[in-house]
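Below: one structure, written as structure tokens.
The values are calculated or read from the model by the stated rules, or taken from the named source; none is laboratory data. Model, not experiment: these values are computed from the prediction. Heads up, the Cβs are rebuilt from the backbone with ideal geometry, glycines too, and the neighbour counts pull from every protein chain shown.
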Amino acid sequence: MTSASAAIPQPGRTKAFLRLVMIEHSVFALPFAYIAALTAMYQWDGNIHWVRLLLVTVCMVGLRTFAMAVNRIIDREIDARNPRTAHRELVTGAMSVKHAWTGALIALAVFLGAAALLNPLCLALAPIAVIPMVVYPYGKRFTNFPQAILGLAQAMGPIGGWLAITGSWSWDAVILGLAVGIWIGGFDLIYACQDVETDREIGVMSVPARFGIPAAIWGARVCHALTTALFVWYALATDAGTFFWLGLMIVAAAFLYEHSIVRPHDLSRVNRAFFSVNGFIGIALFVCALLDLLVRGLTV
């Protein structure tokens with residue numbers, strides 16, 4: 001009786017795992033996979049395919065969950081030496097490495113299963129999407145530019161979202177993917193500024209640790225300027241309408257606000273910039289893109 005009850009997953013472990021992978025942060029990349037998928041549907045036959053959209057969601061959440069879990073597992077010793085991250089579940093013991101790996105592998109299986117249900121090309125390319133997710137946490141050990149690896153990983157979302165619908169390659173999706181990758185790499189530059197002193201002390205490599213906080217902030221500004229330009233390119237390439245352009249204006253304003261509240265000598269509002277503003281950017285552009293596609297004839 002005791003062994004049988006021990007085999008049943010404890011609710012606390014599930015909650016700890018969800019905290020470990022910060023499941024709520026799916027809001028950053030998921031809206032852009034939706035934009036790509038819905039645009040592909042509009043160009044394909046003008047109808048929303050709900051089952052495929054659900055499978056895109058499962059793929060995105062599954063892969064991101066796997067990536068975050070692996071990141072936390074690989075970085076647990078670094079996290080233990082950083083006061084900002086010392087409360088994380090693998091450091092405190094709230095989640096064991098064994099259970100974290102179990103959750104990660106389940107998430108990976110879910111991702112691969114959903115990719116297989118979409119089309120053969122998605123399944124064939126799925127392992128390629130996994131590679132940067134695993135390489136990224138090691139990046140801070142061998143390059144000053146780990147954000148470039150993170151950007152590459154995040155760029156997979158929109159590209160995969162388009163492939164999921166059409167089963168064929170799209171350069172329009174690549175443009176959107178680059179925009180998302182550079183955007184996320186840019187705001188991760190800002191986020192990394194919090195750990196400069198600790199990173200230098202323990203030997204973690206990053207742009208802020210190597211080149212200083214002002215250089216990282218300027219790097220983030222350049223990234224977000226490039227992101228805006230790529231969004232404009234994507235809008236032109238897909239013949240976007242008024243609502244999408246309105247969304248781009250909102251995004252540009254959000255970028256300006258983000259960089260007005262984070263300065264090299266004042267990082268007190270980094271969390272607002274990282275979580276609130278960037279979460280808003282993804283949701284706002286998705287809503288505007290969806291309205292634009294519906295107005296142009298996408299059928300629910």
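When restricted to residues that are crowded, with 19+ Cβ neighbours inside 10 Å and either aliphatic (A, V, I, L, M) or touching a residue at least 40 places away in the same chain (Cβ under 8 Å) (or both), region 249-266 contains 5.
Of the residues Ala209, Ala220, Ala164, Ala155, the single one that is touching a residue at least 60 places away in the same chain (Cβ under 8 Å) and crowded, with 24+ Cβ neighbours inside 10 Å is Ala164. One residue stands out among those in region 261-300 that are over 23 Å from the mean Cα position of the chain (by Cα) and among the polar types (S, T, N, Q): the one that is modelled with the highest pLDDT, which is Thr299. Of all residues in region 44-58, count the ones that are in contact (Cβ under 8 Å) with a residue 60 or more places away in the chain, in a helix (DSSP H, G or I) and over 30 Å from His99 (Cβ atoms). So the count comes out to 2. Each residue in region 187-214 was checked for being within 11 Å of Pro146 (Cα to Cα) and of a type in the set (Gly, Ala, Ser), and 2 pass.
Evaluation of Ala240 against the conditions (1) at pLDDT 95 or above; (2) assigned to a helix (DSSP H, G or I) shows that the sole unmet condition is (2).
One line per residue, one yes/no per condition, for (1) of a type in the set (Phe, Trp, Tyr); (2) farther than 13 Å from Ala164 by Cα; (3) modelled with pLDDT of 95 or more:
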residue	(1), (2), (3)
Leu54	no, no, yes
Met95	no, yes, no
Leu117	no, no, yes
Leu121	no, no, no
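Whenever a residue of region 82-96 is in contact (Cβ under 8 Å) with a residue 24 or more places away in the chain, its partners that are of a type outside the set (Gly, Ala, Ser) and in a loop (DSSP other than H, G, I, E, B), lying with C-beta atoms within less than 7 angstrom and at least six residues away or across chains, give the pairs Glu89/Met95.
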